Amino acid sequence: MRRLKILMLAAEAAPLVKVGGLGDVAGALPVALRKLGMDVRVMLPDNGMRVPAAYKVRRLAGGTLAWGGRAERVTVRAMKLNGGLYYLVGGRPIPHDGKVYGADMAGDLRKFVFFALAALRAAERLQFQPDVLHVHDAHPSAALYFLGTAGRQQRFWKFTAGVLTIHNLAYQFNGAAAALEAGGLAQCDDTRIPVYARTGLLALGIAAADCVNTVSPTYAREIRRKEQGAGLQNLLRARRPEVCGILNGLDGGVWNPATDQAIAAKFDVRRLARRRVNRDALRAELQLPAAGGPLFALVARLDWQKGLDLVLAVAPGLRALGAQLVVLGSGSPQIAKQLRQLARAHPRSVVVRVGFDEALARRIYAGADVVLVPSRYEPCGLTQLIGMRYGAIPLVRATGGLADTVVNVAVDPVRGTGFMFNYFSEPRAWRALQVRAMQADFSWELPGRAYADLYAQAVRTRRTGAAR
Ligand code: ADP
Ligand code: GLC
């Protein structure tokens, strides 16, 4: 069989670029697909980042792209990594500021639409004609929209199938009219899309892709409903073939406590006792005193999604339980401030580290007893998977991929792999729970009857003279 050619576009791909789980997935999936014999090439926006010399970067000709009425130069830096080819695709609309996502939305829209179209241009120049164009999330979605419109008439792109993976429905990148126009893309009048989202990158990608998936079966179901559909539920429901859920994997080469260079003592299931060395080392590093209770950990982007308010609410009670908590995260300055206040108020039981620190994250997974994932919603979630791999038991909210990856030990003591809580984010399950709760019979009727029985028994007993 002919070797399938895949062109992947993403804003992140580890080890080159990682902000969150998208980086892990776009880093690991190509490796898995290459093992299946596919020729997978990955393209990322070139924000001028420094690339390790070991990657042996080469500059290639990228041609030009018609952009805002002029011919804009496309730059390409190529390298071999993980047994495959990676390309950093750049140009003037992509600032050389080293930032993956900027603070200014209009700038990001321009940058990502330019990247999407420039990547297609670069593929043409490289004569890499893919069977499948696989786009991750909203950022490079304009490429799918191109395939579904002008691309249909172009010989090079006519037979390329478009696949979109939704990693997070919340980041839709709406309001891209100016950038789409600069790229010469047609206006969209698809009535399945709410009017405001017809210039939105994610919605256009969902509408134009040949196939759409997301990163867990439960999330695939959740986003079809109004509560979690973020305005796109009708479009998602109308899609054929149906939006499916493919659970993320975890790269066992990247995440392995038996080979992890960042941790104090390497271990595996046969040498589990060595985990204690990692916990002691972690406590020492974080300047936490010894304690008899569990060490909880949370590693996450500091974002509303991640449900950190729940942690803020329960953390003050940890000390009384002999438990401790470490939080590592970066993102919202406001959440960071609240967490810092929490740590100041409870120095013996709570430690907060603000920033992105891959090595510390690894030491946390290796040393913590429990990984908390209280997310309000979670398309898949990787920290619970990494936690499990490192013997840190996950405690998760029953939502999205968390519900698909953790087997609740409270329900299934034999197969259980973690703990699960809350039906609150699952409106239907929550309502059913409310109905059951409301119908639970605590009226006096039953105890009244029981007393009646008891009285009858007492009367009988008295009459037969059996009472002592
Ligand atoms: P999301 O993609 O929504 O951020 P995931 O659970 O899918 O959530 O993936 C998060 C990934 O990012 C994990 O690999 C986690 O270890 C990593 N990560 C998140 N925050 C940090 C941080 N502050 N420092 C180091 N790694 C982090
Ligand atoms: C997103 C989601 C997360 C998922 C990751 C990788 O960032 O928030 O749940 O694990 O993408 O698919």
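The values are calculated or read from the model by the stated rules, or taken from the named source; none is laboratory data. Keep in mind that this is a model prediction, so the values were computed, not measured. A quick note on method: Cβ atoms are made from the backbone with ideal geometry, for glycine too, and the neighbour counts reach across all protein chains shown. Side chains included, ligands, DNA and RNA excluded: accessible areas come from the protein's heavy atoms. Shrake-Rupley method; radii C 1.70, N 1.55, O 1.52, S 1.80 Å.
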Which one of these is open to solvent by 10 Å² or more (accessible area, probe 1.4 Å), assigned to a strand (DSSP E or B) and charged (D, E, K, R): ARG353, ARG348? ARG353
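Quick check, is GLY68 in the same structural domain as PRO15 (by TED's automatic domain parsing), in contact (Cβ under 8 Å) with a residue 12 or more places away in the chain, at negative phi and not hydrophobic (A, V, I, L, M, F, W, C)?
Spelling it out, it is not the case that GLY68 is in the same structural domain as PRO15 (by TED's automatic domain parsing), in contact (Cβ under 8 Å) with a residue 12 or more places away in the chain, at negative phi and not hydrophobic (A, V, I, L, M, F, W, C).
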TYR390 - would you say it is at pLDDT 90 or above and within 21 Å of ALA284 (Cα to Cα)? yes
Could you identify the single residue in LEU402, LEU372 that is within 11 Å of ligand 1 (Cβ to nearest atom) and modelled with pLDDT of 95 or more? LEU402
Closer than 25 Å to ALA238 by Cα, touching a residue at least 60 places away in the same chain (Cβ under 8 Å), out of contact with any strand residue (DSSP E or B) (no Cβ under 8 Å at 6 or more places or on another chain) and surrounded by 15 or more Cβ atoms within 10 Å (Cβ to Cβ), is that true of ALA179? no
Going by the structure shown, is VAL350 touching a residue at least 12 places away in the same chain (Cβ under 8 Å), under 16 Å from LEU312 (Cα atoms) and within 13 Å of ligand 1 (Cβ to nearest atom)? no
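Okay, residues lined up against (1) away from ligand 2 (no atom under 14 Å from the Cβ); (2) under 13 Å from the mean Cα position of the chain (by Cα); (3) among the β-branched types (Val, Ile, Thr):
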position: ARG353; (1), (2), (3): yes, no, no
position: ALA361; (1), (2), (3): yes, no, no
position: ALA366; (1), (2), (3): yes, no, no
position: VAL370; (1), (2), (3): yes, no, yes
position: LEU382; (1), (2), (3): no, yes, no
position: TYR390; (1), (2), (3): yes, no, no
Testing ARG340 on (1) crowded, with 18+ Cβ neighbours inside 10 Å; (2) at pLDDT 95 or above; (3) over 22 Å from ALA398 (Cβ atoms), one condition comes back false. Which one is that? (1)
What's the total number of residues in the stretch 226-241 that are in a loop (DSSP other than H, G, I, E, B) and in contact (Cβ under 8 Å) with a residue 12 or more places away in the chain? 8
Condition first: away from ligand 1 (no atom under 16 Å from the Cβ) and surrounded by 16 or more Cβ atoms within 10 Å (Cβ to Cβ). Now tell me which residues in the stretch 221-237 satisfy that. ARG224, GLY229, GLY231, LEU232, GLN233, LEU235, LEU236
Filter the stretch 282-306 for residues that are open to solvent by 40 Å² or more (accessible area, probe 1.4 Å) and either not assigned by TED's automatic domain parsing to the domain that holds LEU360 or not in a loop (DSSP other than H, G, I, E, B) (or both) and give the result. ALA284, GLU285, ARG301, TRP304
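Of everything in the stretch 307-337 that's within 16 Å of ligand 2 (Cβ to nearest atom) and aliphatic (A, V, I, L, M), which residue is least open to solvent (accessible area, probe 1.4 Å)?
It comes out as LEU308.
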